[in-house]
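Written out below as structure tokens is the structure these notes cover.
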Amino acid sequence: MLFKILVIVHTLGATVWTGGHLVLAVMVLPKALKSCNPALIHNFEESFEPLGLTALVLQGITGLWLTWIYFPGLQDFWKFDGFLSTYIAIKLGLLLLTLGLAIHARFFIIPRLYQETLNSLAYHIVGVTTLAVLLVILGAGIRLGGLT
Ligand code: HEM
């Protein structure tokens, strides 16, 4: 039962985090770039941030918990003798990259978000969104028993 709840919460978190970033990257960002109006992104970030960050934290917790269920004590995890540990390790790496980009944007770009810095935020948004989609693809790959 716990495993099922974790998979459902993990999947729900994925819809929020990845879905939110797809809306930002595909709908909001092009409008902001076209009209040179960073406020559009500011407004979106302000409403999305509490839910989005909660989802990201939940992804980390539920993801590690699921990993612990698949590899109790993590002993067999480090053998990397199957697709599962490889996919999970890649997911962890992608999560760390996401955190790096998100922290950099949150503390170094968004507070100084003018028309000139809009382009560098655009790269961050596209980067985090791409990572989010890759995390979903790898997650689905785990459920499907591998992607090849
Ligand atoms: C933003 C971050 C993440 C997203 C968007 C994401 C997304 C997903 C999705 C969509 C699935 C497929 C669920 C299913 O159909 O069963 C999944 C499965 C999984 N994810 Fe993640 N994930 C994220 C982070 C992580 C992290 C950090 C870990 C562990 C280090 C992790 C470990 C797993 C595992 C073990 C599964 C397989 C669960 C199962 O048996 O179905 N995920 N993930």
Region 27-46: number of residues that are without any contact (Cβ under 8 Å) to a residue 60 or more places away in the chain and within 17 Å of the chain's Cα centre (by Cα): 1
Subset of region 90-109 [open to solvent by less than 60 Å² (accessible area, probe 1.4 Å) and within 8 Å of the ligand (Cβ to nearest atom)]: 91, 94, 95, 98
Residue match in region 9-19 (condition: more than 12 Å from the ligand (Cβ to nearest atom) and surrounded by 13 or more Cβ atoms within 10 Å (Cβ to Cβ)): no
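Is it fair to say residue 75 is touching a Pro at 6+ places or on another chain (Cβ under 7 Å) and not hydrophobic (A, V, I, L, M, F, W, C)?
On the way: touching a Pro at 6+ places or on another chain (Cβ under 7 Å): no; not hydrophobic (A, V, I, L, M, F, W, C): yes.
No: the conditions fail for residue 75.
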Which numbered condition residue 57 fails, given (1) closer than 18 Å to residue 139 by Cα; (2) without any contact (Cβ under 8 Å) to a residue 40 or more places away in the chain; (3) surrounded by 13 or more Cβ atoms within 10 Å (Cβ to Cβ); (4) of a type in the set (A, V, I, L, M, F, W, C): (3)
First in region 63-74 and in contact (Cβ under 8 Å) with a residue 12 or more places away in the chain, second anywhere and open to solvent by less than 90 Å² (accessible area, probe 1.4 Å) and more than 9 Å from the ligand (Cβ to nearest atom), Cβ under 6 Å, 6 or more apart: 71/77
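The values are calculated or read from the model by the stated rules, or taken from the named source; none is laboratory data. As the structure is a computational prediction, the values presented were derived from the model and not from experiment. Glycine also receives a Cβ, built like all others from the backbone with ideal geometry; neighbour counts cover every protein chain displayed. Areas reflect the complete protein model, heavy atoms only, side chains present, ligands, DNA and RNA absent. Shrake-Rupley method; radii C 1.70, N 1.55, O 1.52, S 1.80 Å.
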